[in-house]
1. Look at region 24-42 and say how many of its residues are at pLDDT 85 or above, in a helix (DSSP H, G or I) and of a type outside the set (A, V, I, L, M, F, W, C).
2. Are any residues in region 245-265 under 16 Å from residue 101 (Cβ atoms) and surrounded by 21 or more Cβ atoms within 10 Å (Cβ to Cβ), and if so, which ones?
3. If you check every pair at least six apart or on different chains, which have Cβ atoms under 9 Å apart with a residue in region 157-180 that is at positive phi first and a residue that is open to solvent by 70 Å² or more (accessible area, probe 1.4 Å) and among the β-branched types (Val, Ile, Thr) second?
4. For the condition at pLDDT below 90 and either closer than 30 Å to residue 156 by Cα or open to solvent by 80 Å² or more (accessible area, probe 1.4 Å) (or both), what is the one hit in 82, 76, 7?
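The values are calculated or read from the model by the stated rules, or taken from the named source; none is laboratory data. Just so it is clear, the structure is predicted and the values come from calculations on it, not from any experiment. Quick reminder, even Gly has a Cβ in these numbers, built from the backbone with ideal geometry, and neighbours come from all protein chains shown. We work out accessible area using only protein heavy atoms, side chains counted, and drop any ligands, DNA or RNA first. Shrake-Rupley method; radii C 1.70, N 1.55, O 1.52, S 1.80 Å.
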Amino acid sequence: MSAGPDAPDELTGVSGDKLRMFPGERRRRILEIVNARGSIRVSELATLVRVTEPTVRKDISDLDAQRLLRRTHGGALAARPAYEANVSARADTNAAGKRAIARACLAEVRDGDAIFIDSGTTMIALAEALSPRSSAFVDGATSRCPVNVNVLTNAVEVAKILAPVPAVRHSVLGGQYRLAGGCFVGPITIDALQRFTLNVAFVGVTGLSRVGFTVADVNEAQVKTAAMERARRVIVPMDHTKVGVADFVKLCDPDRVETVVTDEPNADLARMCKDYGVRLVVAG
């Protein structure tokens, strides 16, 4: 017997377990995605929320009737411009996925490495993973923490987390404080970066699409670019929700990055990484 229109949709998680998202929950998720991206096609939405395209079209029509978004031919538009939420507001979004990404990134760090850790919630999870007693290990992981690591960061929260960790030495780049990102930006930050040589730069992004890697702020993009230029390897920790997103400013083309670390298998991401010769790591 087929399910009725109000029956919950089945979502298949990466672990193989079946989760159920009721229509109201699904529409809230659709609204979050559309508001974050500004616009999106039905086919992309169907992939992201793991339901059929007819189901997504009905959800879009219902949300359009409530004036929560605008229905377009083949997709949807945000009813208001997209905005950048601050770090604290993003902290609980896909927290488990970010912890998994952090553990996978930890495996990329060797004893004695000098690394750059960018700002953002995934980077906070990486900083926490550098402490064996941190909450990043509540899922039962037993990853070995590297020792004698030098961390360079422009993110205040990253510095606060690493301050009591004896196996890590950290240096903080000053400059103009950017509240939304919880980090320092500007010419002072960039000038200070030129003094360092890095084994790995962990650089955060808010989207990856045909445009390339993108971020929300021009000043942060300039700091990220400077860190990439000082590093032997560039790794982008990026959860699956950022695939297909094109944010305000382009950071770089995909082939400028050595490795992308993500939390779930994604066919579009895998294809893009293969086309550009980028190594892809799927955490967990």
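1. Total meeting the criteria: 6.
2. Result: 257, 260, 261, 262, 263.
3. Close Cβ pairs satisfying both conditions: 175/188.
4. Just a single option satisfies the conditions, and that option is 82.
Yes or no, residue by residue, for (1) surrounded by 20 or more Cβ atoms within 10 Å (Cβ to Cβ); (2) polar (S, T, N, Q); (3) modelled with pLDDT of 95 or more:
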{"site": "121", "(1), (2), (3)": "yes, yes, no"}
{"site": "131", "(1), (2), (3)": "no, yes, no"}
{"site": "136", "(1), (2), (3)": "yes, no, no"}
{"site": "165", "(1), (2), (3)": "no, no, no"}
{"site": "192", "(1), (2), (3)": "no, no, yes"}
{"site": "195", "(1), (2), (3)": "no, no, yes"}
{"site": "203", "(1), (2), (3)": "yes, no, yes"}
